[in-house]
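Some notes on the structure that comes next.
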Amino acid sequence: MTAPFRVPTPPDLADRLGSPDALVRLDGVAKTYPARRGAAPVAALDGIDLSLRRGAVLGVIGRSGAGKSTLIRLVNGLERPSRGRVVVDGAEISSLPEAALRRERRGIGMIFQHFNLLSSRTAAENVAFPLEIAGAERAAIRARVDELLDLVGLTQQRDRYPAELSGGQKQRVGIARALATNPKVLLSDEATSALDPETTGAILDLLGRINRDLGLTILLITHEMSVIRAIAHEVAVLENGRIAESGDVFEVFTRPRAAITRSFLDRETGRALPPVLAAQLRPEGQGETNVLRITFRGPHATDPVLAQLAREGGVEACILSGTVDEIAGRPFGTLVVGVSAAPGVTARAQAFLAARQLGVEVLGSLPASAWPIPPSAPSSSGRPDVA
Ligand code: ADP
Ligand code: MG
C-alpha cells in the first residue's frame, strides 16, 4: 500500500482537523491477550485513539503493566489489535498480510531497553545487519554504516563487539542500526531504562538531535517523566490500558487533569512536600497552617511572588519546598508554601495569586507541631503564626 498524496498542513491547522497529517494513527484500538493455562484473558489495551504528527516526538508514559509495550508492538505489527486500526504512513499495519507487513517494517525502526544486539557481530556488523537483510550492495552498506557510526559518535568503536561496549555505546549501536534503512518513524521501548542518568541524558540528546536534524518522527514509551520532559513534544499518559490524558507536554505537565499524571509529577519534580511534612499533612481546616502549591508557567516563572504577596496581598508565607524546572524547553516553577489558617487569609492568598495567572491549590493543612522552622512573627504563645 502506498501513502496517499498529502498537502502539507500547518501544525495548528492539523490539530483542528484532527491531525490529518498523522504519520502513525491508532483508531479505537483494543488488545486482549487470550487466556492461558487457566488464567483469565488480559485486556492490555482498550479504546486507544492516538495520533503522532509527522516530525514530532510523542512520549507515552505509564507504570509497569499499563500496556506500553503492547502499544508499541501494535505499531510495528508484532501484535495485531483485537479491535480497531493501526495505520502507519497510510498503510494499515493491523490488517496487512505477513509479507507486506515485513516490507512496511523496514520503514519502522525500533530500539530496546536491553539493546538486542547480536553478540557475535561487531558494532559495524550490527549496524550493517538490516541492510544485508534488505539486500543492499556491499559498497553501499559500507558507506551507510560509516555515516551512521559517525552520526552516533562510534567511529572509533566500529570493530568492537557488544561485550566490549558500555551500555550507552550499545544503545548508540542500537540507534544506528534502527536508522540504517531510513525509517519514517523510530519506536523506542524504554531505551534509556537500563542506563545511568548521565548516559540517559546523552542518549536523549542524541535522539533529540536526530529528531531535529533528520526530521525523524519518534514514538517513545517510558515510565520516567524526565524522559518525556527532555525530548517529547506531546505526551499520552497510559493507565490500565487506557489513555488518561494526552496533549502538549508543557500543557499536560503544568496543568495535569488526571490523578495518575499528578502522581508522576509529585514523584519526579519535587512538587510535593518534604516527607517529614507530608506525613503530617491533614485535610484543610484541621491545622494551623494551610499548605498551598503555587505553580508558575512561562513568563511568570521568575516573578518575586512571595514579596508581592506580602506587600500587596498582606499575606506572609513561608517556603516549604520549591523547584524551577524546564518542561519541553519552557520554564516551570513550583513553590509549596504555608500560610496561616486564620479566617480569610488563605482565600486572600488564592485570589491574589490567581489574579496573577499563577496556579494555586490547597494541599491541606499542617498542625503547629509540624513546624520546626521559627516563624517570622511569633505569636505570644510561641506557636507559629505565619500570617
Ligand atoms: P508495560 O509495557 O506497560 O509494562 P505490557 O504491554 O507489557 O505493559 O503489558 C500489559 C498487560 O498485558 C500486562 O498485564 C501484561 O501482563 C499483559 N501481557 C503482555 N504481553 C502479554 C502476552 N504476550 N500474553 C499475555 N499477557 C500479556
Ligand atoms: Mg514494557
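Quick note: the coordinates plus some simple rules give every number you see, no bench work behind them. All values reported here derive from a predicted model rather than from experimental measurement. Heads up, the Cβs are rebuilt from the backbone with ideal geometry, glycines too, and the neighbour counts pull from every protein chain shown.
Roughly speaking, what is the stretch gain from Arg267 to Leu78, that is 0.36 nm per residue apart minus the C-alpha to C-alpha distance, in nm to one decimal? Kindly include the intermediate steps, with their values, before the conclusion.
Numbers: separation 189, 0.36 × 189 = 68.04 nm, distance 3.28 nm.
Gain in length upon complete extension: 64.8 nm.
Between Ala351 and Thr323, the modelled labels are 3.3 nm apart [label points 7 Å from Cα along Cα→Cβ]. Working from Cα pairs under 8 Å separated by at least six residues, relative contact order for the stretch 191-275 is 18 percent.
Give the shape of the stretch 269-370 as rounded, prolate or oblate, defined through the alpha-carbon gyration tensor: a ≥ b ≥ c are the square roots of its eigenvalues, a/c under 1.5 means rounded, and otherwise the shape is prolate if a/b is larger than b/c and oblate if not. Oblate is the answer for the stretch 269-370, as a/c is 1.5 or above yet b/c matches or exceeds a/b. Using Cβ point charges alone (K and R +1, D and E -1), the dipole size of the stretch 154-203 about the Cα centre works out to roughly 280 debye. Using a cutoff of 8 angstrom between alpha carbon atoms and counting only pairs six or more residues apart, the relative contact order for the chain works out to 15 percent. Toward the positive end of the charge dipole of the chain, with +1 on the Cβ of Lys and Arg and -1 on the Cβ of Asp and Glu, the farthest Cα among Gly322, Gly135, Ala351 is that of Gly135. Using only the Cα atoms of the stretch 15-129, build the gyration tensor, take square roots of its eigenvalues as a ≥ b ≥ c, and label the shape rounded, prolate or oblate: rounded if a/c is under 1.5, else prolate if a/b is larger than b/c, else oblate. In terms of gyration-tensor shape, oblate. Annotation: amide H-H contacts under 5 Å for Val185 (H modelled 1.01 Å from N, sequence separation of 5 or more, or interchain): Gly109.
Per residue of the chain, what 222 nm ellipticity follows from adding -39500 (n - 2.57) for every DSSP H run with n ≥ 4, rounded to the nearest 500? Please report the intermediate quantities before stating the final value.
Values: 13 runs with 123 residues, N = 387.
Helix contribution divided over all residues of the chain: -9000 deg cm²/dmol.
Report the FRET efficiency, 1/(1 + (r/R0)^6), for Gln280 and Asp146, where r is their Cβ-Cβ distance and R0 is 56 Å, rounded to 0.05.
On the way: r = 61 Å, r/R0 = 1.09.
Result of the calculation: an efficiency of 0.35.
Around Gly109, what is the net charge, scoring Lys/Arg as +1 and Asp/Glu as -1 over all other residues with Cβ under 11 Å from its Cβ?
Values: positive: Arg105, Arg106, Arg177, Lys184; negative: none.
Summing Lys/Arg as +1 and Asp/Glu as -1 gives +4.
Toward the positive end of the charge dipole of the chain, with +1 on the Cβ of Lys and Arg and -1 on the Cβ of Asp and Glu, the farthest Cα among Val60, Leu118, Pro304 is that of Leu118.
For a Förster distance of 56 Å, can you work out the FRET efficiency between the beta-carbons of Ala310 and Arg63, rounded to the nearest 0.05? Once the sixth-power term is evaluated, E becomes 0.85.
Here the chain carries DSSP beta bridges of which approximately 70% are antiparallel, counting only pairs with both residues inside.
Here the 3J(HN,Hα) profile of the stretch 242-249, calculated from phi with Karplus coefficients 6.51, -1.76 and 1.60 at θ = phi - 60°, is 10, 8, 6, 6, 7, x, 4, 4 Hz, Gly and Pro shown as x. Rounded to the nearest 10 degrees, the inclination of helix 123-133 to the longest alpha-carbon principal axis of the chain is 60 degrees. Answer rounded, prolate or oblate for the chain, using the Cα gyration tensor with square roots of eigenvalues a ≥ b ≥ c: rounded when a/c is under 1.5, else prolate when a/b is larger than b/c, else oblate. Prolate, since a/c reaches 1.5 and a/b exceeds b/c. Reported to the nearest whole Å, the Cα centre-to-centre distance from the stretch 305-354 to the stretch 21-48 is 44.
A Förster radius of 35 Å combined with the Cβ-Cβ distance from Ala258 to Arg106 puts the calculated FRET efficiency at roughly 0.45. What does the charge count near Arg330 come to, summing +1 for each Lys or Arg and -1 for each Asp or Glu among other residues with Cβ under 12 Å from its Cβ? In short, -2.
Using C-alpha pairs under 8 Å with a sequence gap of at least 6, the mean separation divided by the residue count of the stretch 269-370 gives a relative contact order of 46 percent.
Over what distance in Å are the Cα centres of the stretch 114-142 and the stretch 147-186 separated? Cα centroid of the stretch 114-142 versus Cα centroid of the stretch 147-186: 10 Å apart. Residues in the stretch 336-346 carry Karplus couplings, in order, of 9, 10, x, 10, 4, 8, 4, x, x, 5, 5 Hz; the curve used is 6.51 cos²θ - 1.76 cosθ + 1.60 with θ = phi - 60°, and Gly or Pro positions show x. Taken about its Cα centre, the stretch 13-265 carries a charge dipole of roughly 540 debye when the Cβ of each Lys and Arg holds +1 and the Cβ of each Asp and Glu holds -1.
Here's the picture: a label point sits 7 Å out from the Cα of Ala139 along the beta-carbon direction, and within the stretch 171-200 nothing has its amide nitrogen under 18 Å of it.
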